[in-house]
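One structure is given below, encoded as structure tokens.
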Amino acid sequence: MKKLNFFLCMIFTLLLFPISTFAQTPTVEFKCNMSVQIKRGTFNAATDSVWVRGNFNSWEGREYLLTDADGDSIYSAVFTNFTENQELVFKFVHSPDVWEATANWSLTVTAGANVYECYWENVKVYVPKHTIQVTFSINMELERLKGSFDPTIDHVGVRGSFSGWCGAIVSTSSASDDENFELAKRCETILTQSQTNADLYEGVVPMFAEVGEIVTFKFYYSPGIWEKNNLTDNTQNDRYFVVSQWNLDDGFMSIEANFNNESLETVLNQDANITFTCNTNGASIINAPPGTEFKTIHIAGGHLPLKWPDGGWPDIDSTKMMQLYDDGTHDDVTAEDKIFTTTITFHAYSQLTVAYKFSANWGLPTNGGGNDNEGGIGADKTLKMHKFTTNAVIKDTFGLRRIIPNVEKLENSIPTDFKLNQNYPNPFNPETRISWQLSRKLSGSFVTLKIYDVLGNEIATLVNEEQPAGTYQVTFNPQQTTNHQQLSSGVFFYQLRAGNFVQTKKMILMR
């Protein structure tokens with residue numbers, strides 16, 4: 001009797017609680033809110049459709065169709081073909097075949113009902129878009145002077161996110177927003193030469209944009225020469241600007257630039273003859289036995305005529321290197337004093353900052369097993385020239401990292417006197433600034449600024465070049481601009497020579 005009662009109790013329990021309560025089949029409902037796209041006019045609720053594509057359908061097909069039966073702009077559907085713990089990765093797609101321009105969505109399926117709801121591209125607020133006329137202007141002067149751009153045969157253009165990077169037609173039409181929007185998608189990229197400045201190339205691009213929109217772009221010229229990266233800042237490779245309410249209210253904006261952000265202010269204005277000296281006395285070669293003799297010194301660098309070797313610095317790349325000499329030739333002052341020398345001409349319009357590095361015994365068995373043997377990664381030296389630099393002597397010691405200080409021209413007015421100012425701060429640690437004035441009478445003089453210790457030993461050469469009249473400043477940091485790892489506290493002297501004029505002042509390093 002007890003067994004019969006237990007059996008009847010179990011039947012009654014199962015009738016009250018169906019099996020599905022204990023092992024429910026998962027359902028997944030996808031819901032995509034298209035209200036913003038409908039307001040923008042990029043999605044037609046009457047004719048367009050929405051689908052889901054993901055890792056569950058090979059990212060293709062239209063079987064996962066979403067509909068909007070109640071007209072609330074939310075497209076949805078429930079699917080039962082997923083399993084518990086299944087990892088779904090997906091995106092929404094609408095007619096004709098437009099994918100979301102965002103990262104993939106994801107969902108881990110759990111038992112029972114699963115609902116994934118979002119806005120298309122996660123844009124929840126409708127911000128009206130308007131057409132603004134964007135005038136692009138690019139100065140090609142430096143590319144023309146370098147000889148890399150020929151205005152008689154080359155064309156200049158701009159491409160960007162506003163046209164899917166396929167290009168934008170130059171237009172001054174007063175067409176409607178829709179007409180201009182379609183016009184901006186055409187793959188024409190030509191800018192036209194300015195009538196007032198032959199080096200300027202200009203064009204107006206109609207752009208359909210909203211407040212806060214980031215517009216990316218770059219200039220280029222034929223045959224396929226694009227600008228370098230990080231010209232706006234280091235956050236992304238392309239140039240960009242952010243559309244403001246002011247831009248939309250005015251209906252126009254202007255973008256003016258120099259190709260690669262370079263101008264005559266940022267490059268050499270003439271050829272510069274730079275004499276490199278590399279002192280090997282007391283130095284050592286990486287991975288070579290102590291006392292290994294320095295038989296040759298070569299220099300590599302990041303700007304022509306210097307070149308970097310291929311990865312690993314193979315012996316075959318010796319033709320890319322430039323040799324220094326210790327035989328009394330190539331501006332070497334004293335033969336066989338273990339100070340290797342050569343003079344290299346950096347041509348007009350070259351970069352002002354050049355990274356470089358030495359190599360000892362290139363390709364010889366005594367080089368320590370590799371040609372990159374002065375220092376490890378990050379041990380490059382840096383040459384910093386001024387736009388008016390014509391000559392300079394760079395004194396290096398093999399194996400020591402050294403940065404050549406950058407000389408700044410402070411103002412355009414012409415001083416009436418020759419003057420060396422007191423360094424500031426003084427005493428100093430770790431660096432101090434030294435400024436001077438050259439009068440019109442001394443314009444074009446060969447100028448040197450050197451640092452000496454109390455015994456008269458030369459510590460560093462900060463300036464060694466011809467300079468026009470003007471006011472200049474340079475920063476002295478002993479750890480960067482000398483061949484010494486560390487200078488002790490004490491008194492030092494700095495001396496400025498310009499033609500026959502000489503001035504000397506005292507400064508104090510305090511550790």
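The values are calculated or read from the model by the stated rules, or taken from the named source; none is laboratory data. All values reported here derive from a predicted model rather than from experimental measurement. Backbone-built Cβ (ideal geometry, glycine too); neighbour counts: all protein chains shown.
Which one of these is exposed (fewer than 14 other Cβ atoms within 10 Å of the Cβ) and either part of a strand (DSSP E or B) or not assigned by TED's automatic domain parsing to the domain that holds residue 279 (or both): 334, 345, 382?
Going through 334, 345, 382 in turn, the sole match is 345.
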Counting only strands (runs of 3 or more DSSP E) entirely within the range 7-101, those with at least 1 residues that are at pLDDT 95 or above and surrounded by fewer than 17 Cβ atoms within 10 Å (Cβ to Cβ) are 27-33, 74-79, 87-94
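Taking residue 373, is it surrounded by 16 or more Cβ atoms within 10 Å (Cβ to Cβ), in contact with a helix residue (DSSP H, G or I) (Cβ under 7 Å, 6 or more places away or on another chain) and either in the same structural domain as residue 278 (by TED's automatic domain parsing) or at pLDDT 85 or above (or both)?
Taking the combined requirement at face value, the residue satisfies it.
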Quick one: which strands (runs of 3 or more DSSP E) lie wholly within the range 429-509 and hold at least 2 residues that are outside the structural domain of residue 381 (by TED's automatic domain parsing) and either touching a helix residue (DSSP H, G or I) at 6+ places or on another chain (Cβ under 6 Å) or surrounded by fewer than 14 Cβ atoms within 10 Å (Cβ to Cβ) (or both)?
458-467, 490-498, 501-509
Flag if residue 220 is within 17 Å of residue 164 (Cα to Cα), among the hydroxyl-bearing types (Ser, Thr, Tyr) and either assigned by TED's automatic domain parsing to the domain that holds residue 356 or in contact with an Asp or Glu (Cβ under 8 Å, 6 or more places away or on another chain) (or both)
yes
Take the conditions outside the structural domain of residue 190 (by TED's automatic domain parsing), surrounded by 11 or more Cβ atoms within 10 Å (Cβ to Cβ), of a type in the set (S, T, N, Q) and out of contact with any helix residue (DSSP H, G or I) (no Cβ under 7 Å at 6 or more places or on another chain) and apply them to residue 280. Does it pass?
yes
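Yes/no matrix, rows are residues, columns are (1) touching a strand residue (DSSP E or B) at 6+ places or on another chain (Cβ under 8 Å); (2) in contact (Cβ under 8 Å) with a residue 40 or more places away in the chain; (3) among the hydrophobic types (A, V, I, L, M, F, W, C); (4) outside any strand (DSSP E or B):
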site: 198; (1), (2), (3), (4): no, yes, yes, yes
site: 208; (1), (2), (3), (4): yes, yes, yes, no
site: 215; (1), (2), (3), (4): yes, yes, yes, no
site: 230; (1), (2), (3), (4): no, no, no, yes
site: 240; (1), (2), (3), (4): yes, no, no, no
site: 247; (1), (2), (3), (4): yes, yes, no, yes
site: 263; (1), (2), (3), (4): yes, yes, no, yes
site: 278; (1), (2), (3), (4): yes, yes, yes, no
site: 287; (1), (2), (3), (4): no, yes, no, yes
